[in-house]
Amino acid sequence: MYTKNNGSGENNVIQNRFTAYLLTAIHRKKAAYLGACSRRREMELPTDPDDIVSVLDAMVNSAGDAPLPFPLFKNDALEEALQKLSQRDRYIFLAHALYQRDFGDLASELGLTYQGAATAYHRARKKIKDTFGQMSLKDLLIQAKDGSHYAQEKIFLLYRPLLFKEACVYEVFDEDLFQELSMTLVDCIRLFQL
């Protein structure tokens, strides 16, 4: 049974500390990256902005049981878990997790109640989590620090929606910023004190 992180218990405390540590590092890296981009932009002329394609729009709008238009994740199990969700549940999950869309907005858009949209999101989240099994973040961090690529990948998958969200600048996905934030996550895993 899924229980919400209320801050009590060792695993919840470690998850809250690591997430706060990661968010601080991500916001600093994002500010430095955007500052560097701004300085570069002052010296360069922009190219055709119509060539920029939003990766997130393609993810959210993928239809039904059809395969996603491109490999979304390098993890086949996660791809498969997303494909198993109904189109509506996948839309609600990705829109809330990646775009931070409110359940009320999603509910009115899809003709559901607020509770219905929230339930669909949590049901989708549970199905995805069940695909990977449960392991505490503390155990994952210890294994990742010891060099386990599996543990590093699981932590990366846990925080990937946050990285996607933070890599969107003015609602446009910035691949270079995503790469920088991914490297920041790896550094945070290595440097975090348990």
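The values are calculated or read from the model by the stated rules, or taken from the named source; none is laboratory data. Computed from a predicted model, the values in this text were never measured in an experiment. Positions of Cβ are generated from backbone atoms using ideal geometry, with glycine treated the same way; all protein chains shown enter the neighbour counts. These accessible areas exclude ligands, DNA and RNA; they are computed on the full protein's heavy atoms, side chains included. Shrake-Rupley method; radii C 1.70, N 1.55, O 1.52, S 1.80 Å.
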Taking only protein heavy atoms and a 1.4 Å probe, the highest-to-lowest accessible-area order of 90, 17, 39, 28 is 28, 39, 17, 90
With every protein chain kept in place and a 1.4 Å probe, the range 92-194 has an accessible area per residue in Å² of 53
Of the listed pairs 30/165; 30/154; 84/126, those with alpha carbons more than 21 Å apart are 30/154
Counting only protein heavy atoms and leaving out ligands, DNA and RNA, the solvent-accessible surface of residue 96 at a 1.4 Å probe, in Å² to the nearest 10, equals 40
In the range 122-180 the accessible area split gives carbon plus sulfur, as whole percent at 1.4 Å, a share of 51
So, over other residues within a Cβ distance under 14 Å of residue 141, counting Lys, Arg +1 and Asp, Glu -1, the net charge is 0
